[in-house]
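Here you go, one structure.
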Amino acid sequence: QVQLVESGGGLVQAGGSLRLSCTASGNIFSINVMGWYRQAPGQTRELVATITTAGNINYAGSVKGRFTISRDNAKNTVYLQMNSLTPEDTAVYYCQSIVLLTFNRGPYQYWGQGTQVTVSS
């Protein structure tokens, strides 16, 4: 199985910064895509940013220019640097990975347990 462990959430004032990390471990052959999603109370889960093995990146419009996603393929780790945070960024942030378990098993989608980000005004 594959486990995703997130860290780096917390409470920050508006205008501040946080950096999230997520490391995948387990029976992994390769990780095609790693990404971050978020879910605010009463809202559906939404895309924040994704990054492929080749480094192709996709951002939600609401975070473009403020958030930066990166990954360390050797460590199966993805990062999300969040700057200029606003109260509207308050949500549980989830790490997601699209994984091949062997060269012909997958891809499968895995999620982390989520980490709370709270931005105070």
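Taking H as built 1.01 Å from N, whose amide H comes closer than 5 Å to the amide H of residue 33, not counting residues under 5 places away?
98
Considering the dipole of the chain built from charges on the beta carbon (Lys and Arg +1, Asp and Glu -1) around the Cα centre, which of 17, 101, 82 is farthest to its positive end?
101
Counting only residues 5 or more places away or on other chains, whose amide H sits under 5 Å from the amide H of residue 67 once H atoms are built in the peptide plane?
Placed amide hydrogens put 83 under 5 Å from residue 67.
So the label point goes 7 Å from the Cα of residue 108 along Cα→C-beta, right? Which residues of region 27-42 then have their backbone N under 19 Å from it?
Answer for region 27-42: 27-35.
If we restrict to alpha carbons, what Rg and Dmax does region 1-54 come to, in Å?
13.7, 40
Same structure again: Rounded to whole Hz and in sequence order, give me ³J(HN,Hα) for region 101-106 from the Karplus expression 6.51 cos²θ - 1.76 cosθ + 1.60, θ = phi - 60°, writing x for Gly and Pro.
Result, ordered by residue: 7, 9, 5, 10, 10, x Hz.
Dividing the convex hull volume of the Cα atoms of region 78-121 by its residue count, what figure in Å³ per residue is obtained?
Per-residue hull volume (Cα only) is 74 Å³.
Would you kindly derive the ³J(HN,Hα) couplings of region 72-81 from the backbone phi angles with the Karplus curve 6.51 cos²θ - 1.76 cosθ + 1.60 (θ = phi - 60°), listing them in order in whole Hz, with x for Gly and Pro?
Coupling constants for region 72-81: 10, 4, 5, 9, 6, 10, 10, 10, 9, 8 Hz.
Ignoring everything but the protein chains, give the 1.4 Å probe accessible area of residue 30 in square angstrom, nearest 10.
Rounded to the nearest 10, the figure is 40 Å².
If you don't mind, another one. If I take every Cα pair under 8 Å that is 6 or more residues apart in region 74-119, average their sequence separation and divide by the length, what percent do I get for the relative contact order?
The normalised contact order for region 74-119 reaches 41 percent.
The values are calculated or read from the model by the stated rules, or taken from the named source; none is laboratory data. Everything quoted here is computed from the prediction, not taken from an experiment. Using ideal geometry, Cβ is built from the backbone for each residue, glycine included, and neighbour counts are taken over all protein chains shown. Surface accessibility is based on the protein's heavy atoms, side chains included, excluding ligands, DNA and RNA. Shrake-Rupley method; radii C 1.70, N 1.55, O 1.52, S 1.80 Å.
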